[in-house]
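The values are calculated or read from the model by the stated rules, or taken from the named source; none is laboratory data. From a predicted model like this one, the values you see are computed outputs, not experimental measurements. Here the Cβ positions follow ideal geometry from the backbone for every residue, glycine too, while neighbour counts run over all protein chains shown.
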């Protein structure tokens, strides 16, 4: 049942291409998934896809050090938003599973999907989704109900629309206090964040 609901979850909206005059990303709201303190002086917004190999590199190799240096010390909050990439139906379904997680468990699901992303090519989607579902903190029935809720699809489509308006062309794309960062390395992020902390 859950597997059918997960795999049937597809996003009908597609990126229309970069906006002619890109805007900053939409402001952070209560609907966003935030890692770090709400009053952190710097906000990093990440647009990512659970099927994007570069996003997995960022989450697995860069984020732990960035988190220790900036997020855990109260200097930065990280906002994770979804922008599904091919296979978009799989990425969208994974995003929906994360959105449906119990309060405080979104990043647990994200960590599992990014950590195990390579398994999609070896063991297929079912074990990958099963691991993500196990990290939600909800029963399979609760997740299935959430996946079938139009509000879940609307939440994901709002993230995609925000990415489009901000001119996001690929993942991962990171913004520091509303300004795009060239690259996703720890060095690139530090170069963008550190001057803001010295003000």
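Does residue 90 satisfy being buried (at least 24 other Cβ atoms within 10 Å of the Cβ) and either in a helix (DSSP H, G or I) or under 12 Å from the mean Cα position of the chain (by Cα) (or both)? Criteria not met by residue 90. If you filter region 105-118 down to residues that are in a helix (DSSP H, G or I) and in contact with a helix residue (DSSP H, G or I) (Cβ under 8 Å, 6 or more places away or on another chain), you find that the one that is surrounded by the fewest Cβ atoms within 10 Å (Cβ to Cβ) is 115.
Remark: residue 135 falls outside the filter, which requires a residue to be touching a helix residue (DSSP H, G or I) at 6+ places or on another chain (Cβ under 7 Å), at pLDDT below 95 and closer than 30 Å to residue 74 by Cβ. Taking the criterion of being without any contact (Cβ under 8 Å) to a residue 24 or more places away in the chain and buried (at least 18 other Cβ atoms within 10 Å of the Cβ), the only residue of region 25-84 that qualifies is 63. Of the set (1) in contact with a helix residue (DSSP H, G or I) (Cβ under 9 Å, 6 or more places away or on another chain); (2) closer than 26 Å to residue 185 by Cα; (3) in contact (Cβ under 8 Å) with a residue 24 or more places away in the chain, all apply to residue 164 but (1).
State yes or no: is residue 97 part of a helix (DSSP H, G or I) and over 21 Å from residue 126 (Cα atoms)? No; evaluated as a whole, the condition is false for this residue. Looking at region 119-199, the helices (runs of 4 or more DSSP H) lying wholly inside it that each contain 3 or more residues that are surrounded by 15 or more Cβ atoms within 10 Å (Cβ to Cβ) and out of contact with any strand residue (DSSP E or B) (no Cβ under 6 Å at 6 or more places or on another chain) sit at 125-134, 140-147, 150-165, 186-197.
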